[in-house]
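Undergrad: Quick one: the structure is below, and I'll ask about it shortly.
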Amino acid sequence: MKPWEVLGVTPKATRAEITTAFRTLAYIFHPDRFVDAPDPVRQEAQKRMAQLNKAYDLAKRGRKDEVAYTIQADERAAKEREATARAQPKWQDVVRERVRAEAKAKEMREARERAMTNGQARPRPKPRVRSGPSVMAGAGEAVHTGKLYCRGCRSIQWLPAEWRTQLDTTDFYCSICDKLILSR
């Protein structure tokens, strides 16, 4: 492939057009954007970035002998990449498998929650004399979902909508085992 083809510009492109094309493609294929991606994806991004850098360097100079130069790896490196590609699953397959696993885990979690006993958390006024430490386990999830897990009977307890405003004056207890589940 010629440098112009790698950058997606014409051979008569100006330096500004070459630079703009390079920056756009570098933004898309920069390896730092694929840090959490599977290995095949990261390797492909590194390969594409190396091609872009070489093409940009050659196209920016624009000498006639370099224009004829084609960007390709030597035969041994190409064979190694081919062997690696055959040995590893395609990155699309890896991503699809990861999505399937996450969907299955979510489905199993939702099935467990449906099988659990549910109840409404019972609010009670706080005693005047403090009898123990605060119980705030699970409050982060409760802020987003409105539910808490009782550690005593392992049930899901739904909190009333205004539970955060009541927290200074009210303790919340499990409706099944009557254990304290939320207190400040």
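Undergrad: Taking the criterion of being in a strand (DSSP E or B) and over 32 Å from the mean Cα position of the chain (by Cα), would at least one residue in segment 159-166 satisfy it?
TA: No, every residue in segment 159-166 fails to be in a strand (DSSP E or B) and over 32 Å from the mean Cα position of the chain (by Cα).
Undergrad: Among 50, 45, 37, which is the only one that is at pLDDT below 85, of a type in the set (Gly, Ala, Ser), closer than 30 Å to residue 99 by Cβ and within 28 Å of the chain's Cα centre (by Cα)?
TA: Going through 50, 45, 37 in turn, just one is at pLDDT below 85, of a type in the set (Gly, Ala, Ser), closer than 30 Å to residue 99 by Cβ and within 28 Å of the chain's Cα centre (by Cα): 37.
Undergrad: On to the next question. Considering segment 110-138 alone, what residues qualify as being closer than 23 Å to residue 162 by Cα, within 38 Å of the chain's Cα centre (by Cα), at pLDDT below 75 and not polar (S, T, N, Q)?
TA: Once the filter is applied, which keeps residues that are closer than 23 Å to residue 162 by Cα, within 38 Å of the chain's Cα centre (by Cα), at pLDDT below 75 and not polar (S, T, N, Q), segment 110-138 yields 122, 133, 135, 136, 137, 138.
Undergrad: Moving to a separate point now. If I ask for residues that are of a type in the set (D, E, K, R) and either without any contact (Cβ under 8 Å) to a residue 40 or more places away in the chain or not assigned by TED's automatic domain parsing to the domain that holds residue 51 (or both), which ones from segment 6-22 would you list?
TA: 12, 17
Undergrad: Next question. Which condition from (1) modelled with pLDDT of 85 or more; (2) farther than 24 Å from residue 92 by Cβ is the one that residue 66 breaks?
TA: The number of the failed condition is (1).
Undergrad: Please verify whether residue 72 is polar (S, T, N, Q), under 19 Å from the mean Cα position of the chain (by Cα) and either at pLDDT 85 or above or exposed (fewer than 14 other Cβ atoms within 10 Å of the Cβ) (or both), treating the condition exactly as stated.
TA: Judged against the criteria, residue 72 is not a match.
Undergrad: Of everything in segment 23-40 that's surrounded by fewer than 18 Cβ atoms within 10 Å (Cβ to Cβ) and in contact (Cβ under 8 Å) with a residue 12 or more places away in the chain, which residue is nearest to residue 90 (Cα to Cα)?
TA: Here the residue is 39.
Undergrad: When only residues in segment 1-22 that are hydrophobic (A, V, I, L, M, F, W, C) and closer than 28 Å to residue 93 by Cβ count, which is nearest to the chain's Cα centre (by Cα)?
TA: Ranking the qualifying residues of segment 1-22, first place goes to 6.
The values are calculated or read from the model by the stated rules, or taken from the named source; none is laboratory data. Predicted model only: the values in this text are computed from it and were never measured. Cβ sites come from the backbone with ideal geometry, for glycine too, and all protein chains shown count toward neighbours.
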